[in-house]
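The values are calculated or read from the model by the stated rules, or taken from the named source; none is laboratory data. Keep in mind it's a predicted model, so treat the numbers as computed, not measured. Cβ placement follows ideal geometry from the backbone for every residue including glycine, while neighbour counts extend to all protein chains displayed. Surface areas here come from the heavy atoms of the whole protein model, side chains and all, with no ligands, DNA or RNA. Shrake-Rupley method; radii C 1.70, N 1.55, O 1.52, S 1.80 Å.
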Amino acid sequence: MLKPNKHSHPDRTVINVSLLLLAHLQTRRIDSYDNLLKYAKKIVVGGDVLFLPALNFLYLMGLIDYLPKTDAVEYVGPNEDI
């Protein structure tokens, strides 16, 4: 469960990094894994640690898809089949 507590900095949580990555992917639609990692490192302190959990969260929510042939992440939008 992703539950922030009183000691969590609001900008350094998995939910915040997920939101920032999602906003970035909505404008570009597809971006490489390396570019997203660089973006997370640049935008948030500790973004390199929170990057993979944020991607996992977005994937589990059905908002992104990983393309292994091109090593890229694609924004697929909200999944209405759930």
Residue identified as at pLDDT below 95 and in contact with a Lys or Arg (Cβ under 9 Å, 6 or more places away or on another chain) among Asp71, Asp48: Asp48
Members of segment 13-55 that are open to solvent by less than 40 Å² (accessible area, probe 1.4 Å), more than 13 Å from Tyr75 (Cβ to Cβ) and either in contact with a Pro (Cβ under 7 Å, 6 or more places away or on another chain) or free of Cβ contacts under 8 Å to residues at least 24 places away in the same chain (or both): Thr13, Val14, Asn16, Ala40
